[in-house]
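Worksheet: the structure to be examined is printed underneath.
Just so it is clear, none of the values below were taken in a lab; they were calculated from the coordinates. Quick caveat: nothing in here was measured; it's all calculated off a predicted structure. Heads up, the Cβs are rebuilt from the backbone with ideal geometry, glycines too, and the neighbour counts pull from every protein chain shown.
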Amino acid sequence: MKRSKINHIIREADAFIRSFGYIMPPFAYWSPEQMKAHKGDSSAIFTSRLGWDITDYGQEKFDELGLFLFTVRNGRYEDMKLGMGMLYAEKIMISRKDQLSPMHRHNIKAEDIINRGGGKLVLELFMHDRDGGIDPKAEVSVPVDGTIHRLPAGGLLKLDPGQSVTLLPGVWHAFWAEGKDVLIGEVSTVNDDLTDNVFREPIGRFSNIDEDVAPLHLLVSDYEKWVG
């Protein structure tokens, strides 16, 4: 994905998020130079991988297969092992109309996926088999705002604005927006996008970036290269 397109997506996403009254934290607007300058006093931004995240899953077709994310807060797996400390994470995301976030599951993360506004959020759901793969026959049982919903394997759960679903580790899910773009909230246990995403298809989690222009803001996948 070209950096110029990423910059454009960031500007569009920021405006879309603000249209719902959600205000991003100040560090969201730091320039690459400011990010480098804050490496010492804001190290948690980098170690917890807070910030902008735009992915086409390495497939170079963002409008069809992609997702916008911004990680607002995130704890540490070390604290989860102790059972105390910052055991949670929060993201704000945008799924564009008919833009697929592909089928995947998590080994550790439990998450609430919340439709914060826009169109319907559609999730295709499967349970896992004994080996962690997709069970093509098992009924899916998930709580939607505390009420259990049961669907056949591969059933479609449609969330209207204000509704949310809780997905426990191992539940396979893909999702997209129907009708209009959707602002999505995610509240979860500690998030690790480097190791805790298992995709059905052999795809990547992050985009390959063509540096045709300078970055407006750094992505979380830029931190190692640009900040060190």
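The set of residues in the stretch 103-125 being of a type in the set (S, T, N, Q) and within 16 Å of GLY179 (Cα to Cα) consists of ASN115 alone. Taken over the stretch 96-122, the residue count meeting the criterion of being more than 30 Å from LYS81 (Cβ to Cβ), crowded, with 22+ Cβ neighbours inside 10 Å and hydrophobic (A, V, I, L, M, F, W, C) is 1.
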